[in-house]
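S.K.: Can you read through this structure? Questions will come right after.
Read-outs: derived from the displayed coordinates by stated rules, not from any lab. These numbers come from a predicted model, not from an experiment. As a convention, Cβ positions derive from the backbone with ideal geometry for all residues, glycine included, and neighbour counts pool all protein chains shown.
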Amino acid sequence: MSAHPPKQLSEQDKAVLGDKAWPLRRNLLLLGGIALLVAVIGAALPKTVLTGGWERLGFAYLIGYAFALAITLGSLFFVLVTTVFRAGWCVAFRRVPENIAANMPTMGLLAIPILITVLINNGALYPWAKSGVHEAGKKIAYPAAYAEDGKHADEAHSLDNNIFLRRAAAGAPAEEDGHAGDDHGKHDGEKAHDDHGHDAHHGDHKTFAHTAATHPDHDHALPYFVYKKGAWYTPPFWVVRWVFYIAVWSFLGWFYWKRSVMQDADGDVQHTHKREWWAPLSLVAFAVTLTLGAFDLLMSLDPVWYSTMFGVYFFAGCFTAALCTMIITLMLGQKAGYFSAVTTDHFHDLGKLLFAFVFFWGYVGFSQFMLIWYASLPETTYWWEIRGVTSVSGTSLEPGPETFGSTWTVVAWTLLFAHLLFPFAILLSKHVKRNRVALFSMACWMLTLCYIDIFWVAMPALVSPDFVFGLPEIGCVVFCVSIMLAEALRRASGVSLTAHRDPRMHESLQLDTTAWAPIYSPPGKH
């Protein structure tokens, strides 16, 4: 039996915001517009750590977009997984992640600048989107086939490309491989460098350029890796895939939101049955598209590097960010007089999930590092090197003869302690999870760290070993998150804040996480 008497929903719980949502939505839209202006001004100013660079603005926008997308995808996963397990404890506040997840079309609109950047083939964000890179990779792989006399074409196609890959990634000259005994090997390597569109910055760490081009071990290998991936990394196919991901996520978000809203209107339990019937298939579709989307959006910033665990790593950050957003939204909503049915027990369970995914993120991150570290392949280990995770003194990135790693090493250590060890220790206590001030503080803390995590993954692909953060980054993330929240609020304003006719609402209203359920009967009692 529950320690608390059954609760009933109040009329305020069933309320529809309507026009009451407009002032907050207007402020969010205004904030987003100002933030975008700040980002553009920051990009137009002379290059410093805090400002400068249109290419940097592109990366800042990509990071801000990925962060807003992570919150939306994490909310969609929360809806799907709780539906799969027929969870009743979360029904009192499930409409919050439903509204955010149903806002996926807005994320599609926010992706348009990124899609345009890819389609114009300038390689500003993704080096594989540079015109001519695929052709340069083919010439590197089969140099004899492009010789003037063409006599050695058959021999070129019989070459062991894996050997070339290893040597090229390790920075070996083409002549040592036996793949380019003439001047074509060297010329193509230099052409690959030029095709990327950036100059090396040895000894000048204030130059903003892709590490794939500035890292001396990968100047020659980049076009080859792009070529080996074939049509997968071509701008039209990439854009088509991304439109497909958005379409799948938008449909899933709309379907579960619409069925929930329809049930509020007619009370028909068949809406819940249909949600539950489709949930397992929806979860599979979500898992596949999120994994491929993470590869395309973030991992392909450098196609030389690859990780089979990156999709899971991104997913862990998505769900963590969504949990933090839910906690913050519910607590702020209660301050405004809404969500009265949400109790300390609900926050306790959200805190448990947050604690679990803090640890899960750390586990996946360490597993990804360990798989790359023990294999010790040059084309993968350098991904960690340019992000400061190295113990080599005086690396090829030249941070200094007496230093280890780079300025990104500080960010890497920050993630280890602030994203994993510190919140793990704090959230371990049930008193923190049941204390609203403490849990709200930890949610804000972890949400900030989720952004830093995405920033650490993406920005070194533009500049390393230097660390840059300023107006473009702040403006872009505020713009993307503000627009995402404003449109989610618009959707929420037309429906009830609570799924008040859900058949499992009584389970949520009677939730009691403090009740003790004995696993055995004391002696003498039956």
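S.K.: Sorted by average packing, counted as other Cβ atoms within 10 angstrom per residue and highest first, what order do 375-387, 66-78 take?
M.R.: 66-78, 375-387
S.K.: Please give the contour-minus-distance gain from residue 268 to residue 413: 0.36 nm per residue of separation, less the Cα-Cα distance, rounded to one decimal in nm. Numbers along the way, then the final one.
M.R.: On the way: separation 145, 0.36 × 145 = 52.20 nm, distance 5.21 nm.
Taking 0.36 nm per residue and subtracting the Cα distance, the gain is 47.0 nm.
S.K.: Which distance in Å, rounded to a whole number, links the C-alpha centroids of region 289-359 and region 49-93?
M.R.: Each part's Cα centre sits 7 Å from the other's.
S.K.: Hey, another quick one. Sort 138, 433, 20 so that the residue with the fewest other Cβ atoms within 10 Å of its own Cβ comes first and the one with the most comes last.
M.R.: 20, 138, 433
S.K.: Out of the GluC sites (Glu not before Pro) in region 6-100, which ones are loop residues according to DSSP with at most 13 other C-beta atoms within 10 Å?
M.R.: Counting only loop positions with at most 13 other Cβ atoms within 10 Å, the GluC sites (Glu not before Pro) in region 6-100 are 11.
S.K.: Same structure, new question: May I ask you to compute the full-extension gain from residue 375 to residue 254, defined as 0.36 nm times their residue separation minus their alpha-carbon distance, rounded to one decimal in nm?
M.R.: Separation in residues times 0.36 nm, less the Cα-Cα distance, equals 39.3 nm.
S.K.: Need one number: nm distance between label points at residue 11 and residue 437, each 7 Å from Cα along Cα→Cβ, rounded to one decimal.
M.R.: About 3.5 nm, to one decimal.
S.K.: Do the alpha carbons of any pairs in 138/229; 47/130; 274/352; 20/274 sit beyond 21 Å of each other, and which pairs?
M.R.: Details: 138/229 11 Å; 47/130 24 Å; 274/352 29 Å; 20/274 32 Å.
Exceeds cut-off: 47/130; 274/352; 20/274.
S.K.: OK, next. By how many nm would the segment from residue 237 to residue 30 lengthen if fully extended, with 0.36 nm per residue of separation less the alpha-carbon distance? Can you show the working numbers first?
M.R.: Numbers: separation 207, 0.36 × 207 = 74.52 nm, distance 3.52 nm.
Here the segment from residue 237 to residue 30 would lengthen by 71.0 nm.
S.K.: Sort 293-301, 348-356 by packing, meaning the average of other beta carbons within 10 Å per residue, with the highest value first.
M.R.: Highest to lowest by the protection proxy: 293-301, 348-356.
S.K.: Oh, and also: Set the Förster radius R0 to 30 Å, insert the Cβ-Cβ distance between residue 81 and residue 512 as r into 1/(1 + (r/R0)^6), and round the FRET efficiency to 0.05.
M.R.: The pair residue 81/residue 512 has a calculated efficiency of 0.85.
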